[in-house]
Amino acid sequence: MKIKEFNWGPTLFLTIYQTLLLLSLPFYFYFTPPSLGMIGISIILLYLTGLSITAGYHRFYSHRSYRTNSFVEMLLLFFGSMAGQGSALRWSFDHRLHHAHVDTDCDPYSIKKGFWYAHCLWILEKPKKIEAKVVPDLIKNRLVQFQHKYDFLCMLISNGIAFLVVGWFLDDYMGAFFLACWTRLFLLHHFTWFINSLAHTWGDRPFCQEQSAVNNYILALLTFGEGYHNYHHTFCNDYRNGIRWFHFDPTKWLIWTLSKCGLTKELKRMDSYTIQKRMVLERKRLLLGRVCNLWYVKKDELEKLVRELAEKLVVEFAEFNQLRVNYRLARKEGREPDQLKVFKQKLSILKKNLKSNWRLWKQLSRHILKLKPFESFPCPI
């Protein structure tokens, strides 16, 4: 990289503050160990600033996965500034380019250029000029434009307010500086960068095999729910990353809770049929690829079984989805109880068939994925 291509401001800032923190933090813990209150408030601030990035910069500004009012937007921008990750405009511009050109040279933080490049080294390069055609909606947003214009000042003021308020409240300005501001900033930077590095390296790809983005349940714990990255890159406009109720996705829970309070609306989410269909088709592609490399006396039959079972599941998912829509419409229209009962019986039968075929599909998948090239085992189905 040529010297003139360095992004000198962020390069010096990130290098100096992280080096000084790592050198001084052991002395802080040794001479003035923090109270439980300071640790608790620092974690709260970590989540407030982290969620402002995931719910604000990412799912609201970059992907427009829901709508909100100016008050919530100002809060997102305030804590987003405190996160020290630049303006919402710059962040969203880079992220939209990432989705449009993932895993190519045009990807601002492509994993193909190496783990550490995707993690943080991309920040050291001079950023690309913001193009209005990529973020036309944000160019028209006055709040976003104000924050972008006074980006560095907003970061200093927001963190200064956090330092003064926490220091005054706990009568511990040293702890407020080291934990609530400095360490919190360090952790948040790396947690966010994990999404570009680890979330494109370590995990599985149930929704899209062609991209590097992966699902990683452990990583979701550190990234406020952003670890289900393979799903996100497949259905990026969904306000959720973790689609199951037990998936750790506090960003999703925050957006949903705000919607119940009337503070967010028009939450975009992919319907379950489309998700299930995509999972089956991606697994079908993976299984057929594995079958092609097997030495198997009935390989053609195994390939036929994969195709037939996948097709059957896709058809049944479509039928179940349509029948469920018709049942809800019938209830809304106030149909007779006997008619509704017929709908429920059909749904019950179809659901039972789906569960049975899904078990066979998972059993077949496990069997094929366990086989090694040029190995032969009897098919369990």
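The values are calculated or read from the model by the stated rules, or taken from the named source; none is laboratory data. Note that the structure is predicted; figures quoted are calculated from it, not measured. Reconstructed Cβ throughout: ideal geometry from the backbone, glycine too, with neighbour counts over all protein chains shown. All accessible areas refer to the heavy atoms of the entire protein, side chains included, with ligands and DNA or RNA removed. Shrake-Rupley method; radii C 1.70, N 1.55, O 1.52, S 1.80 Å.
Residues of segment 43-81 with an amide N closer than 17 Å to a point placed 7 Å from the Cα of residue 274 along the Cα-to-Cβ direction: 63-67. Which aspartates and glutamates have a Cα less than 19 Å from the Cα of residue 128, not counting those fewer than 8 places away in the same chain? Straight-distance partners of residue 128: 5, 94, 103, 105, 107, 137, 151. Taking 0.36 nm per residue of separation and subtracting the current Cα-Cα distance, fully stretching the chain between residue 336 and residue 300 would add 8.0 nm. Simple spin-label estimate for residue 164 and residue 367 gives 7.0 nm between the two label positions (7 Å along the Cα-to-Cβ direction from each Cα). Only helices enter the 222 nm calculation for the chain: every DSSP H run of n ≥ 4 contributes -39,500 (n - 2.57), and dividing by all residues gives -19500 deg cm²/dmol, rounded to 500.
Name the lysines eligible as straight-distance cross-link partners of residue 129: C-alpha to C-alpha under 28 Å, and not fewer than 8 places from it in the same chain. Of all the lysines, those that pass the test against residue 129 - Cα under 28 Å, at least 8 places apart if same chain - are 2, 4, 112, 113, 140, 149. Across the accessible surface of segment 1-143, with the other protein chains kept in place and a 1.4 Å probe, carbon and sulfur atoms take up 70 percent.
Would you mind getting the accessible area per residue of the chain, heavy atoms of the protein chains only, 1.4 Å probe, in Å²? Working shown, then result.
Details: 21100 Å² over 381 residues.
Spelled out: the 1.4 Å probe surface of the chain, per residue, equals 55 Å².
Given a Förster distance of 35 angstrom, what is the FRET efficiency for residue 113 paired with residue 29, based on the Cβ-Cβ distance and rounded to 0.05? List each step's numbers first, then the result.
Working: r = 36 Å, r/R0 = 1.03.
Efficiency at R0 = 35 Å is approximately 0.45.
A simple spin-label model places pseudo-atoms 7 Å from Cα toward Cβ; at residue 173 and residue 124 they are separated by 3.6 nm.
If I require 27 Å or longer along the helix axis, counting alpha carbons, and a Kyte-Doolittle average no lower than 1.0, what helices from the chain are left? Use full DSSP H segments.
What comes out of the filter, once short or polar helices are dropped, is 8-31, 151-170.
What is the percent carbon and sulfur in the accessible area of segment 272-370, measuring with a 1.4 Å probe over the protein chains and ignoring ligands? That fraction is 51 percent. Give the label of the value calculated from the structure for semi-axes √(5λ) of the Cα gyration tensor in Å, choosing from (1) 46, 27, 16; (2) 33, 26, 16; (3) 44, 27, 21. Only one listed value fits the structure, namely (3).
Pairs from the table (277/351; 312/351; 268/362; 304/370; 312/346) lying more than 21 angstrom apart at Cα are 268/362. For residue 228, nonlocal amide neighbours, meaning residues 5 or more places apart or on other chains whose placed amide H falls under 5 Å from its own, are 216.
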